[in-house]
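> Sharing a structure, written as structure tokens. Questions coming.
The values are calculated or read from the model by the stated rules, or taken from the named source; none is laboratory data. All figures in this text were calculated on a predicted structure; none of them were measured in a lab. Cβ coordinates were reconstructed from backbone atoms using ideal geometry, including for glycine residues, and neighbour counts include every protein chain displayed. For the accessible areas, the whole protein counts, side chains as well, though only heavy atoms, and no ligand, DNA or RNA atoms are used. Shrake-Rupley method; radii C 1.70, N 1.55, O 1.52, S 1.80 Å.
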Amino acid sequence: MKSIALLILLLSMTAPKPTLSAELTDHYFGSSPECRMAAQPVLLVTDLTVTGEIDDSISMHVYRQLELRGCVSIIGVVSIFGNGKSTTAAIHRNVERRLPDLGGGEWRRLRGPDERYTTVLNRRGETQADIARLEAIAAVIRTAAGPVVIAELGPVTVSARLLAGGYLDRSDVRMILGVGGRMGDESFATDRRLGRFFAFRDKNVAEDVWGQDYLIRTHPDRLWMVTYRTGIAKREVSARQVAAAIPALAAHAKARARVLRLIGFEGIPTWDTWTTGFFLRGGDSQLGCRPLRARMAATAGGPDTMRLILGQGGRRITACTDVAG
């Protein structure tokens, strides 16, 4: 009996143990994920950077894991201006450079428009370059196997311009996933370290306020928003987890975590990546997703004061607002 017990002990010591790489996907999917749908066509729109903000890079990797599980079929990745005041051209170069490291090397890459929906409204016209790019994106969507989910990981410009410009019909789009918005008087300050003195802005919304407004007013039933509240506390990830799952991001994750600690985060908040919850059974309830009134409203404090306010009037969308305990 002692020899059997010793053998069991030795086997338990040598048996493969869960890796930090698996921990990263388990963090978003849970230990036994089930697809909410099979091979849902998805268009990813990203303002991915290779320095600074890292959320989009992690999101690309996690969406690839979702695809490998049969939940989604990525029909393309569209670059869009956004993070760090980057142009669409700069973001497109970032996507070309980094996507192979994230598992999406075979995905179709499309360059998004240069101009915001806000700019098009003000100028009352579109550039020929943007028209060609939007037509190319629309063609990919129309040839997909069913209505497409557009996952907007930056400003919602692509969805707004495709629909407002008549490039797509509503029936072509099953849902638009976005990131942004706040509840009432919610602040984005952490109240710790340097986060006591300033709060970051709702960047995705601020980059194209009238694009966001258009979707809320015209297609609220198609809008599913993950707010910044969903990515904090226990939902933050460590630089070590990121490095184990995506070795090419090791230095980037370490540098990002260092900066985020200065403003009061214990880990790396990955807000955009939680849009993957839409595709998993129970993912919406995990994030506290529910129908909420939403509207764009001007707030005090600087020239760029338009914000997406939740729970205080407006059209009814689906918004996810749960803070991890």
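> Output the residue which, of all residues in region 1-36 that are among the hydrophobic types (A, V, I, L, M, F, W, C) and modelled with pLDDT of 95 or more, is most open to solvent (accessible area, probe 1.4 Å).
35
> Could you check region 144-158 and list, in sequence order, the residues that are in contact with a Phe, Trp or Tyr (Cβ under 9 Å, 6 or more places away or on another chain) and under 10 Å from residue 176 (Cβ atoms)?
Selection gives 149, 151, 156.
> Can residue 168 be described as closer than 25 Å to residue 316 by Cβ and not in a strand (DSSP E or B)?
Answer is yes for this residue.
> Also, quick follow-up: Identify all residues within region 70-104 that are more than 16 Å from the chain's Cα centre (by Cα) and in contact (Cβ under 8 Å) with a residue 40 or more places away in the chain; write none if there are none.
Across region 70-104, the qualifying residues are 71, 73, 75, 94, 97, 98, 101, 103.
> Something else about it: So is residue 199 among the aliphatic types (A, V, I, L, M) and not in a helix (DSSP H, G or I) or not?
So residue 199 passes the test.
Results for (1) β-branched (Val, Ile, Thr); (2) buried (at least 19 other Cβ atoms within 10 Å of the Cβ), shown as yes or no for each residue.
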| site | (1), (2) |
| --- | --- |
| 225 | no, yes |
| 239 | no, yes |
| 245 | no, yes |
| 251 | no, no |
| 256 | no, yes |
| 279 | no, yes |
| 291 | no, no |
| 295 | no, no |
| 317 | yes, yes |
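> Tell me which residues, restricted to region 17-74, are farther than 18 Å from residue 274 by Cβ and part of a helix (DSSP H, G or I).
20, 21, 22, 68
> Can residue 129 be described as open to solvent by 30 Å² or more (accessible area, probe 1.4 Å) and in a loop (DSSP other than H, G, I, E, B)?
Spelling it out, it is not the case that residue 129 is open to solvent by 30 Å² or more (accessible area, probe 1.4 Å) and in a loop (DSSP other than H, G, I, E, B).
> Which ones in region 196-221 are farther than 14 Å from residue 118 by Cβ and polar (S, T, N, Q)?
Hit for region 196-221 is 218, nothing else.
> Now a separate question. Using beta carbons and a limit of 6 Å, which pairs, at least six apart or on different chains, have the first residue in region 145-165 and within 14 Å of residue 220 (Cα to Cα) and the second one modelled with pLDDT of 95 or more and open to solvent by 10 Å² or more (accessible area, probe 1.4 Å)?
Cβ pairs passing all conditions: 160/117; 160/214; 164/214.
> Then there's this: Pick from 140, 148: which is open to solvent by less than 70 Å² (accessible area, probe 1.4 Å), among the hydrophobic types (A, V, I, L, M, F, W, C) and in contact with a Gly (Cβ under 9 Å, 6 or more places away or on another chain)?
The conditions single out 140.
> Let me ask you something else. Cβ-Cβ below 6 Å, separation at least six or inter-chain, first residue in region 279-290 and without any contact (Cβ under 8 Å) to a residue 60 or more places away in the chain, second in a loop (DSSP other than H, G, I, E, B) and of a type in the set (Asp, Glu): which pairs?
Close Cβ pairs (under 6 Å, with a partner that is in a loop (DSSP other than H, G, I, E, B) and of a type in the set (Asp, Glu)) amount to 288/322.
> Name the residue that is nearest to residue 58 (Cα to Cα), counting only residues in region 101-126 that are at pLDDT 95 or above and open to solvent by 50 Å² or more (accessible area, probe 1.4 Å).
101
> What are the residues in region 171-188 that are touching a residue at least 40 places away in the same chain (Cβ under 8 Å) and in a loop (DSSP other than H, G, I, E, B), if any?
Those that are touching a residue at least 40 places away in the same chain (Cβ under 8 Å) and in a loop (DSSP other than H, G, I, E, B): 180, 181, 184, 186, 188.
Residues are listed down the side, and each one gets a yes or a no for (1) open to solvent by less than 40 Å² (accessible area, probe 1.4 Å); (2) among the β-branched types (Val, Ile, Thr); (3) at pLDDT 95 or above:
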{"site": "219", "(1), (2), (3)": "yes, no, yes"}
{"site": "233", "(1), (2), (3)": "no, no, no"}
{"site": "236", "(1), (2), (3)": "yes, no, yes"}
{"site": "260", "(1), (2), (3)": "yes, no, yes"}
{"site": "299", "(1), (2), (3)": "no, yes, no"}
{"site": "310", "(1), (2), (3)": "yes, no, yes"}
{"site": "313", "(1), (2), (3)": "yes, no, yes"}
{"site": "322", "(1), (2), (3)": "no, no, no"}
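> Right, next: Specify which of the listed residues (169, 185, 130) is at negative phi and in contact with a helix residue (DSSP H, G or I) (Cβ under 8 Å, 6 or more places away or on another chain).
130
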